[in-house]
Each structure stands twice: as C-alpha cells, then as structure tokens.
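Visitor: Take a look at this one; I'll ask things after.
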Amino acid sequence: MKKGLNFYIALQGGYSPNEYIRYGKLIEDKGFDRLYVYDDLMFYPSFPILNLIAANTSRIELGPCLANGLYRHPALIASNAAFLDAVSNGRSVLGLGRGAFFDFLKMDTDEKFTRKAFKETIMLTSHFLKKKEQAFKGEIFNTTKKAVLRVPSPSNPYIITATWNPKMAYLGGRYSDEVQLAEVFTDTYLKTILKTFQKGIHDSKSKSKKHISIGGMVCVSDDTKKAIEKAKKTLAVYIPYLKTILKNNKVDVKSTLIRDIDLLSKRGNFLEASKLIPDDYVSMLTLTGTPTDVALKIKKLIKGKPIK
C-alpha cells in the first residue's frame, strides 16, 4: 500500500447503544482512521449514535455518511454537526449526499430534483457553519439573514460528498473537501468519476487539496464463498439504488431479475432477495474475497489516482 493511505469503516444504524460503544472502541483500537454511521431511513439516526461513540473514543474521526437536506433541514444538519464536533473535540467530518429510500415516503425521487436539493444542502449547511449573516436564496431552501447558528461551530468544517454518480462527483469537487465513492470498484467507472470530480475542482477555483476516497462494501473472509454470500445479504438492501453502476456495467436494470430483487428488497425480504443476486453483481459492486485478494484489488484500483 502507498504511504499515507487511510482506512475508514462504516456501521449501519441497527445496533444497540452498547454495541455501538463496543464497536467504536474496537474500531479505534484496530487503527482505523475514520468511522462513519449510515443515516439510512427506517434505521436509527446517525448523529445520536456518533455522539455516543465520540464520548467513548479519543482519536478516530467520526461523521454521518450520509445526511441529506430533504430528510433533515440543513439548519438541523449544521447544528447536529456542531454538537458532534464539540463532543468529539474536533474529530468530526460531515458526509452529505442526495439520499435514498425517498420512495418509502412517496417523495419526489427525480434525480435532477434530488441533485439540486443536494447542491443547496451543501451550500446552505456551509453557510450556517460559517455563520454568514445574510439571507440564503435557493429554489428549494431559503432563509432570512437572522438565520444564524447560535452555538459554536467547527473551526474548520470538513465536508464530504458521498456518491457513486458522476454529476454528483462534479458537485463534490466544486463544493466539498472530499468525495467518498461508494461501490465504484471498476477502473473504467472510477476514471469516469475522476474526470467530473476534477472538473468540479477546476470550476471551484479552490486552492485547497481535494481527494477521493473509495468505499462501499468490502467483505473479507478466509473463505471466499462465505464472503460472497455475506456480501449478497447486505447488497440486498441497496440493489434498488445502485442501478447507475449496474447500467455502467452493461446490466439490464429493467430485467425481470432486477425487478424481482427490487420487490423483495423494498418489502424487507432481504434474505430472499440475496438468493437472487448473481455472483458477478458482487464483483461489480463490492470488494469481496480473501484479505490478500481484496488488498491486491485495492492496490490495482488506486494506482496513479488521487485516492486517500
């Protein structure tokens, strides 16, 4: 591995408070550099969990991956981020994105709309964290000049765009400090993302150094077959929201197979959905296998790229 490479880990929002304390301590003790908690709808919210972990750790960076302004207004995102930074003594990062599971609430899932909401979310959240005493005017969010954060904010807010979408990667390059790519594990698609990310950096005219992190599901076992089966069980939750990547890998996302997986997943029948997932989907959407296999795949994927 190249010198300076960092390792992050993410937890879902379905564990008990005591388990989060135990996992947080264990993850820090094992040398990981950052711990995310997913902010998925229908699970526990990320910020209370992160505050609990922050109070029981001392070194590791902590943040949601990801919060979105349609579920939680940017003002609430900013105040939650400020509190996490205070509890963690400056170890917080803030992961923002378009979000998912909008269909559960019969909300507008149009990509153009949710991407616009993300852009305004990141701009308005930054506006609050920098305590700008002026009105914010957008198509989705608006504030008066009196809307100023009234608690201490992070001295140097670190904002991450989490996505697997090239257009979102452009916005990440333009408006955030880092882009966290989920499920982008093929060299061709990664190069596509890098191109739009670098254009976003160019258009931002920012002098600060920005980089990409790759992530998503990494399932490791001494038994490759067991790793693949475990990966399928987690993939079953997210397959309905990974169609951009599947299409990029020449998968017919309107097929009967995808429709059946979708239906079972959205009903919460994840075990049944996992049984329908082909092995090649696992290789497209995850890094799965033995520790040696996964390490070699990572080294090959990041070679010559601005990957942290």
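Read-outs throughout are calculated quantities, based only on the coordinates presented, and are distinct from any laboratory measurement. Keep in mind the model is a prediction, meaning the values are calculated, not measured. So basically every Cβ, Gly included, is an ideal-geometry build from the backbone, and we count neighbours across all protein chains shown.
Visitor: Can you give the Kirkwood hydrodynamic radius for the stretch 52-111, in Å, rounded to one decimal and based on Cα pairs? Please report the intermediate quantities before stating the final value.
Guide: On the way: mean 1/r = 0.0786 Å⁻¹.
One over the average 1/r among Cα pairs gives 12.7 Å for the stretch 52-111.
Visitor: Can you work out the base-10 log of I(q)/I(0) for the stretch 102-203 at q = 0.14, 0.16, 0.17, 0.24 1/Å, using the Debye formula on its C-alpha atoms alone?
Guide: Once normalised to I(0) and log-transformed, intensities are -0.65, -0.81, -0.89, -1.24.
Visitor: Each label point is 7 Å from the Cα along the Cα-to-Cβ direction; what then is the distance between the points at LYS132 and GLU111, in nm?
Guide: Between LYS132 and GLU111, the simple spin-label model gives 2.8 nm.
Visitor: Further, regarding this structure: Could you give the spread of the C-alpha atoms of the stretch 219-308 along their three principal axes, from largest to smallest, in whole angstroms?
Guide: 39, 28, 19
Visitor: Can I ask one more? How high is the relative contact order of the chain? Use alpha-carbon pairs under 8 Å, at least six apart in sequence, and give a whole percent. Display every interim value, and only then the final one.
Guide: Values: 514 pairs, mean separation 38.3, N = 308.
Dividing the mean separation by the residue count of the chain yields 12 percent.
Visitor: Further question on the same structure: To the nearest 20 debye, what charge dipole does the chain have about its Cα centre, counting +1 at the Cβ of each Lys and Arg and -1 at the Cβ of each Asp and Glu? Kindly include the intermediate steps, with their values, before the conclusion.
Guide: Details: 50 positive and 30 negative charges, 233 e Å.
That gives the chain a dipole magnitude of about 1120 debye.
Visitor: Starting from the alpha-carbon convex hull of the stretch 261-308, give the projected area averaged over all orientations, in nm². Don't jump to the answer; show the numbers that get you there.
Guide: Details: hull surface 19.2 nm².
Value for the stretch 261-308: 4.8 nm².
Visitor: I've got another one for you. Can you tell me the Rg and the Dmax, both Å, for the Cα atoms in the stretch 1-63?
Guide: Both quantities, over Cα of the stretch 1-63: 11.8, 39 Å.
Visitor: Let me ask another. Counting pairs of alpha carbon atoms under 8 Å apart in space and at least six apart in sequence, what relative contact order in percent does the stretch 161-286 give?
Guide: On the way: 181 pairs, mean separation 32.2, N = 126.
About 26 percent, as a whole number.
Visitor: Considering every Cα-Cα pair within the chain, what fraction, in whole percent, is farther apart than 27 Å?
Guide: On the way: 20001 of 47278 pairs.
For the chain, the share of Cα pairs beyond 27 Å comes to 42 percent.
Visitor: Taking the alpha-carbon distance from LYS146 and a cut-off under 25 Å, which lysines remain once sequence neighbours fewer than 8 residues away in the same chain are dropped?
Guide: Answer for LYS146, where 25 Å is the Cα cut-off: LYS116, LYS119, LYS130, LYS131, LYS132, LYS137, listed by chain and number.
Visitor: Largest first, please: the extent of the C-alpha atoms of the stretch 1-148 along each principal axis, to the nearest Å.
Guide: Answer, in whole Å and largest first: 45, 35, 35 Å.
Visitor: Semi-axes of the equivalent ellipsoid of the stretch 155-308: what are they in whole Å, largest first, if each equals the square root of 5 times a C-alpha gyration tensor eigenvalue? Each step should come with its number before you reach the end.
Guide: Values: eigenvalues 173, 67, 36 Å².
They are 29, 18, 13 Å, listed from largest to smallest.
Visitor: Under 10 Å, Cα contacts only: if you run a Gaussian network model on the chain, which one of GLY31, GLY63, GLY95 comes out with the highest mean-square fluctuation?
Guide: Ranking GLY31, GLY63, GLY95 by mean-square fluctuation puts GLY31 first.
Visitor: Given the DSSP H assignment, sum -39500 (n - 2.57) over each helix run of at least 4 residues in the chain and divide by its residue total; what's the result at 222 nm in deg cm²/dmol, nearest 500?
Guide: Mean residue ellipticity at 222 nm (helix-derived): -14000 deg cm²/dmol.
Visitor: Determine the principal axes of the Cα atoms in the stretch 136-191, then give the extent along each, sorted from largest to smallest and rounded to whole angstroms.
Guide: For the stretch 136-191, the Cα spread along each principal axis is 47, 28, 16 Å.
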